[in-house]
């Protein structure tokens, strides 16, 4: 399904599928496309190289506009373990609020699918790997293995020239089994390198090793395994039976969906050198399987996270509606309180005026009435107090918009 790209937004972060970005860079020169995205042409070209997207050759646009024949190089398939997205910009990771808003606004895409099944990938990688040979010497080692040998040679020279012998300075690959392990590791490294995968070593003994398949790191181990020789069953001292060391290559569990630990080792019928083709194929396929598992996990996380954020929005809306109802109820209570208070003040003012009239009338009937001047001063003060108390005369009564509407 074709998706129309809106480039009006000049945000620093942009994300496309490889196909979208390929169509984009072949639609107009990078010098025009860059300003629309807020990214330099060099930045766009770098993004193309990272995603293995071909760029138009120099002079392509001139020949195209002149009506001359041009060649549009096709988009190669996604590399094993490589992402199918292109992220551009100075800040590849979105701020939380921007990510949250995007997840809520964007519709959930269908579950990810891949052009090839894992079984088809295995067959493709088998042809890609070819034959894996383990030479009897290390005359032309992989650069990483050559560095290990150089370090080991320096340790050997230092040990020979020094009277102080430290265990930490002992050569690592001096024993025959360690030399064999190094030759096997060298064969694996050379094989994966031919397939555009890149091995790595993170320690001096080559115990922490792995392969980078696209953007995926696949760790594995190549270790010696001590196995007891079959001895005489009548031998009482079983612990002293002779042992022989075998070599075992293991890809731990977790590299790809439903992938358990896989291993190859020396057996009575076959040495590990004859099994390296399958091991190298499994290492490369593990990187692709790991990428696919990550894509599926990301899609499932997006579905779950979108549901959580939508629920948060719904809860926030419910809370806002509750607060609005409480606010309106409070306003209504305050309005009624003002009304009852005004009515009460009005009644008290009326009672006070009636009391003044009653006192005036009663003053004529008593045996010793008060002086008229004194009575009127008292009445004036009482009526003034009634006027101040009366909301209709004292100006205390205020008609709010909502109150006048009722």
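Helix 176-194 and the longest principal axis of the C-alpha atoms of the chain enclose an angle of approximately 60°.
In degrees between 0 and 90, to the nearest 10, how far off the longest principal axis of the chain does helix 118-129 point, with axes built from Cα atoms? The answer is roughly 40 degrees. How would segment 14-93 be classified by its alpha-carbon gyration tensor: rounded, prolate or oblate, with rounded meaning a/c under 1.5 and the a/b versus b/c comparison settling the rest? Oblate shape, in that a/c is at least 1.5 and b/c is the bigger or equal ratio.
Taking 0.36 nm per residue of separation and subtracting the Cα-Cα distance, what length does fully extending residue 151 through residue 100 add?
Details: separation 51, 0.36 × 51 = 18.36 nm, distance 5.02 nm.
Full extension from residue 151 to residue 100 adds 13.3 nm.
Site pair residue 307 and residue 109 shows an inter-label distance of 2.1 nm when each label is modelled 7 Å from Cα along Cα→Cβ.
When a/c reaches 1.5 or more, the comparison of a/b and b/c decides; with that in mind, is the chain rounded, prolate or oblate per its Cα gyration tensor? All intermediate terms of the calculation are to be shown ahead of the outcome.
Working: a/c = 4.18, a/b = 2.48, b/c = 1.69.
It is prolate, given that a/c is not under 1.5 and a/b is the larger ratio.
A Förster distance of 60 Å, applied to the separation of the beta-carbon atoms of residue 204 and residue 334, puts the FRET efficiency at 0.15. Shown is the FRET efficiency for residue 343 and residue 380, computed with R0 = 22 Å from the Cβ-Cβ distance and rounded to the nearest 0.05: 0.30. Projecting label points 7 angstrom from Cα along Cα→Cβ for residue 215 and residue 139 puts them 4.2 nm apart. Does anyone have the angle between helix 143-161 and the longest principal axis of the chain? Alpha-carbon axes, 0 to 90°, nearest 10? Tilt relative to the chain: about 70 degrees.
Bear in mind that the values in this text are calculations on the coordinates, not laboratory data. Note that this is a predicted model, so its numbers are computed, not measured. No Cβ is skipped: glycine too gets one built from the backbone with ideal geometry, and neighbour counts run over all protein chains shown.
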